[in-house]
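The next block holds one structure in the form of structure tokens; read it before the comments.
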Amino acid sequence: MAAHNTATTAAAPADPPRSPTGRQWLALSVLVLSQLAVWLDNTVLNVALKTLADPDEGLGASPNQLQWSISSYTLVFAVLLFTGGVLADRYGHRRLLLIGMLVFGAASVWAAYSGSADELIVARGVMGLGSALIMPATLALIAQVFDERHRAMAIAIWSGSSGIAIATGPMISGAILDHFWWGAIFLVNVPIVVLCAVGSFAYLPGAVAKVRKKFDPLGVLFSTAGLFAIVWGVIEGGHRNDWTGPAVLGSLAGGTVLVAVFVLIELRVSSPGFDVRLFRNVRFTGASVAVMLTFFGVNGSMYYTSFYLQGVHGQTPLECGLSIAPVALGVLLGAPLSARLVRLYGVRAVVTCAMLIAAVGFFGYVFLDENSGLGLFWVFLVLQGLGMGAAVAPTTEAIMSVLPADRTGAGSAVNNSMRQIGGVLGVAVLGSVLAGVYRNEITPKLDGLPPEQADAAGESPEATRLLAQRLSLPRLSDFADQGFVHAMHVASVVGAAAAVFGAAIIWWTFRRTALPQRAAENG
């Protein structure tokens, strides 16, 4: 009898492991590293913008070329994520991850050796194509590697790594720029690509998905054209300081119409690349919009932070990168803390508070001027990172929790598309606010100069300071600093307002009376 009991006990299934296995941790490491490369390139260029604007050390890029050097990457990334998700579901997530890494690595080398600002913009767009293939696969593979017991933890680590990459990008860029030419900031991607390729073969599941969905070329065409037209209109409106011209108004209106047509197409086709029907779930919608607005504020503030530190305070690229580092501390604190807080207080309370904390961090810039020390600046950076880290992980988990198993690739594309759309609009909108307000501030100070010189000096604070140096007009350089700081104050208010709006959306869409729909209804 005892032997029988022993045999029965031996045959009983083992208890499920309480923590992920070693192989699961290695798989997660590969996926996090893949994402790090993608997100690093969202901010690695920020510290180099001042260098790229220099005609001797860089490419002599104009302000709108600088905006496009960032926006071309995020725009292509955003609109092609739809297609990347469908391709990953159709041909296998690991396969698409590897192809994306190859494209990303090759385009990084091209960007490093670009001979003009326009060539850099195109190369950055190709890098965005590679990223669009990588990102949907990373989140979908997490869903395959981890079950429900560990998935939330894995997603929290994955989400937190994106914030860390965004924060550490400027530090890495600054360290490289202090010793090498500007193009070297892109070559750092090459060893990362090699490591991820090797790790993918060793630790990631390689089975091809059984889902065979049709392509959606019209959806890709209209979404790409629509978002491009809107972003072009926003950037050009700020560059020209004229929002009523036919070109700018036509671009904004035409882009809006194209996006509306895109939505109608996605509602009618049987296999949409971007399933807008998912947004019928109010919690899915609220979480997606909150993610978008979080990255709107973060990417936008990162754009003007480097100009504030390097232009107004005269920091070197390395000093600038190190000065931005405290935002990483905030992310490191916020991301793991949010998982515990959500279990205690729920997504609604945690994410609402997180976005309000981020709003305080964005708004804090209004208290800074050209003579402010770094202490207060660091406080605001930590608040931004804390809010971002605590908001992104719960909203990402909320997005993925309503998806059926066979839509994880497309669903992760929705999640990452909203991030990138928020990022590209953040740079476009806040960069345009910055440019327009600065031009209004500096133009009266340029009276008496020849029209050609006045027009060139009004393009940016860097152009104003360069003219002041050539003409030995130190007072004009002071005017440039004062004008930029005022423009930064206005842009920071816009960024804070976006975060407050995101907090209100989360509070409303995650109210107790808002019952989530079943994932099957969204599939």
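The values are calculated or read from the model by the stated rules, or taken from the named source; none is laboratory data. Just so it is clear, the structure is predicted and the values come from calculations on it, not from any experiment. Because the Cβ atoms are built from the backbone with ideal geometry, glycine has one as well, and the counts that use them run over all protein chains shown. Please note that ligands, DNA and RNA were not included when accessible areas were found on the heavy atoms of the full protein model with its side chains. Shrake-Rupley method; radii C 1.70, N 1.55, O 1.52, S 1.80 Å.
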Percentage, to the nearest whole number, of Cα pairs in the stretch 443-490 over 15 Å apart: 35 percent
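At a 1.4 Å probe radius, which order do Met153, Met127 fall into by accessible area, largest first? Intermediate results must be reported in sequence, preceding the final value.
Details: Met153 65, Met127 0 Å².
These residues rank, largest area first, as Met153, Met127.
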Please work out how much accessible surface Trp243 shows to a 1.4 Å probe, ignoring ligands, DNA and RNA, in Å² rounded to 10. 110 Å²
Using the reciprocal of the averaged 1/r over all distinct C-alpha pairs, how large is the Kirkwood radius of the stretch 416-474 in Å? 12.9 Å
Hull volume in cubic angstrom per residue (convex hull over the Cα atoms of the stretch 61-167): 98 Å³
How do Asp56, Asp89 stack up against each other in accessible area, from largest to smallest, with a 1.4 angstrom probe? Asp56, Asp89
Out of all Cα-Cα pairs in the stretch 294-397, roughly what percent, to the nearest whole number, are more than 21 Å apart? 34 percent
Express in whole angstrom the spacing between the alpha-carbon centres of the stretch 223-269 and the stretch 292-309. 22 Å
Determine the order of Leu264, Leu26, Leu139, Leu383 by accessible area, beginning with the largest, at a probe radius of 1.4 Å. Leu264, Leu26, Leu383, Leu139
What residues qualify as long-range amide H neighbours of Trp181, i.e. H under 5 Å apart, gap of 5 or more or another chain, H built at 1.01 Å from N? none
Net +/- balance of residues flanking Ala468 in space, Cβ distance below 11 Å, scoring K and R +1, D and E -1: +1
Quote the FRET efficiency, to the nearest 0.05, computed for Ser29 versus Leu102 with a Förster distance R0 of 22 Å and r equal to the Cβ-Cβ distance. 0.65
Per residue of the stretch 222-231, what does 6.51 cos²θ - 1.76 cosθ + 1.60 with θ = phi - 60° give for ³J(HN,Hα)? Whole Hz please, x for Gly and Pro, Karplus curve as stated. 6, 5, 5, 5, x, 5, 4, 5, 5, 5
Gain on full stretching of the segment that runs from Asp447 to Phe501 - 0.36 nm per residue minus C-alpha separation: 15.4 nm
Using a 1.4 Å probe on the protein heavy atoms only, what accessible surface does Phe362 show? Give it in Å² to the nearest 10. 10 Å²
Computed log₁₀ I(q)/I(0) - Debye formula, equal Cα scatterers, no solvent, the stretch 245-311, q 0.11, 0.29 Å⁻¹: -0.48, -1.07
Which value, in Å² and to the nearest 10, is the accessible area of Asp178 when all protein chains are kept and the probe is 1.4 Å? 70 Å²
